[in-house]
Amino acid sequence: MTYRNLTLACVAVASLVLSSCAQWTESQKAKLSTVAVTQVQVAKDAYQSPLGAQDVQVHYYGQVGNGSFGQGAAVGAILALGSEIAEAIQQKMFESKYADAIAKAPQNLPTDLGKRAQTAFATNLAQQPFFRGKIQSSSPNYVSLSIEHYRYVRSGKADGEVLVRPVITGNLKVTAAGEKLLDTQVVGDAGSHTYPLTHFASNPKATSQAFDEAVQNLTISAIRALDAKTGVKPGGR
């Protein structure tokens, strides 16, 4: 996937940007006259066991009846605890039903996620308007993308089967002249590859294709974070 395809692809990416929304100042941008792209590192033990529980979000607003704020907060805490218990039970049921697939799934995981992410990220960064033409391996400034965690995450249920998809969580950093300009989490998932875990546990090719999509969307998430800091607007590429 090249940079010109990012606008359409971005609608499918799950992106979590934790840094400030403020754009870099002109002086900060000036420091980034050149940048090096470091090798994508995959954290040790990055793979996590599949998550088969539904993410139950409890939203509590205001007071309960005529009670005080403290009473409302207490009720909210009870509801949240109930949600956590429900998720734990659901996870146990998932682990029991798919115990064999959970054990076999790691055998089909790509062993070159870092290399795939490196290729995709370097290609797309080279086409990002602000960084285009600035990439030099000898630069003291750098942009780095790392893979911190990856796992299968519940995507729904169909025909009595729990569906999961690969999700990769990474970290994006930008440093210029010793100043850390960006340090944020980015996420990429394979939203079009949702299947029972047994499918991934028995199909290496399908697993590879699904993780390719997750890697590409991780890259898109990183590029979008850079767009936000450099002031690139949708359609302005």
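Yes/no per residue for (1) of a type in the set (Phe, Trp, Tyr); (2) surrounded by fewer than 17 Cβ atoms within 10 Å (Cβ to Cβ); (3) within 17 Å of the chain's Cα centre (by Cα); (4) not in a loop (DSSP other than H, G, I, E, B):
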| residue | (1), (2), (3), (4) |
| --- | --- |
| Asn124 | no, no, yes, yes |
| Arg132 | no, yes, no, no |
| Leu172 | no, no, yes, yes |
| Leu182 | no, no, yes, yes |
| Gly188 | no, no, yes, yes |
| Ala201 | no, no, no, yes |
| Gln216 | no, no, yes, yes |
| Asp227 | no, no, yes, yes |
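If you filter segment 190-199 down to residues that are assigned to a helix (DSSP H, G or I) and touching a residue at least 40 places away in the same chain (Cβ under 8 Å), you find that the one that is most open to solvent (accessible area, probe 1.4 Å) is Thr198. Residues that are at pLDDT 95 or above and among the basic types (Lys, Arg) were ranked within segment 133-184; the one that is nearest to Ala222 (Cα to Cα) is Lys173.
Under the condition of being open to solvent by 50 Å² or more (accessible area, probe 1.4 Å) and within 18 Å of Leu51 (Cβ to Cβ), which residue from segment 69-85 is modelled with the highest pLDDT? Across segment 69-85, the extreme among qualifying residues is Ile85.
Every residue in segment 154-170 that is buried (at least 18 other Cβ atoms within 10 Å of the Cβ) and either closer than 30 Å to Val37 by Cα or free of Cβ contacts under 8 Å to residues at least 60 places away in the same chain (or both), please. Before the answer, list the steps.
Of all residues in segment 154-170, those buried (at least 18 other Cβ atoms within 10 Å of the Cβ) come to 154-155, 162-170.
Across segment 154-170, the qualifying residues are Ser155, Leu163, Arg165, Pro166, Val167, Ile168, Thr169, Gly170.
Within segment 134-153, the residues that satisfy the criterion of being surrounded by 17 or more Cβ atoms within 10 Å (Cβ to Cβ) and of a type in the set (Phe, Trp, Tyr) are Tyr150, Tyr152.
What residue, among those in segment 97-114 that are exposed (fewer than 15 other Cβ atoms within 10 Å of the Cβ) and either of a type in the set (A, V, I, L, M, F, W, C) or under 17 Å from the mean Cα position of the chain (by Cα) (or both), is farthest from Thr230 (Cα to Cα)? Please lay out each step first, then the result.
So in segment 97-114, the residues exposed (fewer than 15 other Cβ atoms within 10 Å of the Cβ) come out as 99-100, 103, 106-107, 111-112.
Remaining after also requiring either of a type in the set (A, V, I, L, M, F, W, C) or under 17 Å from the mean Cα position of the chain (by Cα) (or both): 99, 103.
Details: Ala99: 46, Ala103: 44 Å.
Of everything passing the filter in segment 97-114, Ala99 is farthest from Thr230 (Cα to Cα).
The values are calculated or read from the model by the stated rules, or taken from the named source; none is laboratory data. Note that the coordinates shown come from a computational prediction; the quantities given were computed from them, not determined experimentally. For neighbour counting, all protein chains shown are included, and Cβ atoms are generated from backbone atoms with ideal geometry for every residue, glycine included. Just so you know, the surface numbers come from the protein's heavy atoms only, side chains and all, with ligands and any DNA or RNA stripped out. Shrake-Rupley method; radii C 1.70, N 1.55, O 1.52, S 1.80 Å.
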